[in-house]
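To keep things clear, I will list the structure first and then write my remarks on it.
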Amino acid sequence: MMKKNYLWTSLKARLQLIRSTPGANYHWLFLPGGPGLGSESLNGLTKILKLPGTIWHLDLPGDGANITTNDEKFFSHWSEALIEAVNALPNVILVAHSTGGMYALSTPALSKTLVGLVLMDSAPDASWQKSFLQHVNNHPIKDIKQLQTSYLKKPTNDLLKKLTIASAPYSFTKKGLRRGITLLKSLPFNYKTCEWSGKHFDPRYKAKWIPKSIPTLILAGEKDQLISPRIFAESKKFQRKNIKFRYIKNAGHFPWIENPRQVVSVFNEYYHFLKKKLSTTRD
């Protein structure tokens, strides 16, 4: 169903048309992290990219402002919803941030349909949680404990938002913290989706496929404390000729906040790599 700049799939995923640029028949589909955090979190990124083709934001059912009649029920079918959304367009390059990247790597069917893949500040398995917990224990933030206690007693969208904002120093460098908090304050949150993923997906996550021929970019802020870039870098399975690793200097979990210039450069480099390497061979 199409309405203005939005396209909804039968499984309640929402695609928002952001911009079309002449030069290529690619559809760049941007999937946010979170979960429960809307694709508005990627506004700053897609605004600065001038990639040939069409840029879309993708919100799975229950993500951010894409609410449904039963967010937990619809989101429990996130994998089918993701596949359906990708199949709704030709020549899709999926650009997935954080948990969004983990959803992508948990969906092997994507290997048959994607022409390109970009994973931003993501991980190949759930070991990032242990690493992040160690960082939190070593660098506690005042007031988070009280918010966590309140949230665990009765989770709400407002409390999830306040907790995320209070935790902002884990996602941004000191230089980018003010802009990062401004970003977080502007976003919609959906605790139901976040809770579902925390119970059913996050603890047991492990990549179910590795791109064998799809031109792939793995980029991360070199100072990302939430999901360490070291986890992907140390995974031998992802050391392949079709996979490029790029680290954004002086940047955290949302690297386009602190270093937009290098992020744009890396995406432009990937576009040329994609054109050069793309063939009819699929994973």
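Part of a helix (DSSP H, G or I) and hydrophobic (A, V, I, L, M, F, W, C): is that true of residue 65 in this structure? Against the criterion (part of a helix (DSSP H, G or I) and hydrophobic (A, V, I, L, M, F, W, C)), residue 65 does not qualify.
Among residues of region 152-169 being over 21 Å from the mean Cα position of the chain (by Cα) and under 15 Å from residue 36 (Cα atoms), the one that is surrounded by the most Cβ atoms within 10 Å (Cβ to Cβ) is 159. State which residue is farthest from residue 264 (Cα to Cα) when the search covers only region 27-69 and only residues that are among the hydroxyl-bearing types (Ser, Thr, Tyr) and touching a helix residue (DSSP H, G or I) at 6+ places or on another chain (Cβ under 8 Å). In this case the residue turns out to be 68.
Taking the criterion of being touching a residue at least 12 places away in the same chain (Cβ under 8 Å), surrounded by fewer than 17 Cβ atoms within 10 Å (Cβ to Cβ) and in a strand (DSSP E or B), would at least one residue in region 23-35 satisfy it? Scanning region 23-35 turns up no residue that is touching a residue at least 12 places away in the same chain (Cβ under 8 Å), surrounded by fewer than 17 Cβ atoms within 10 Å (Cβ to Cβ) and in a strand (DSSP E or B). Pairing each residue of region 68-83 that is in contact (Cβ under 8 Å) with a residue 12 or more places away in the chain and within 16 Å of residue 108 (Cβ to Cβ) with any residue that is among the hydrophobic types (A, V, I, L, M, F, W, C) and buried (at least 20 other Cβ atoms within 10 Å of the Cβ), provided the two are 6+ apart or on different chains, yields C-beta distances under 7 Å for 78/60; 81/13; 81/60; 82/60; 83/110. Only residues that are assigned to a loop (DSSP other than H, G, I, E, B) and in contact with a Phe, Trp or Tyr (Cβ under 8 Å, 6 or more places away or on another chain) were counted in region 39-62, giving 6. Residue-level analysis places residue 187 outside the set of residues that are touching a residue at least 60 places away in the same chain (Cβ under 8 Å) and part of a strand (DSSP E or B).
Each value in this text was obtained by applying a stated rule to the coordinates, not by laboratory testing. These numbers come from a predicted model, not from an experiment. Cβ coordinates were reconstructed from backbone atoms using ideal geometry, including for glycine residues, and neighbour counts include every protein chain displayed.
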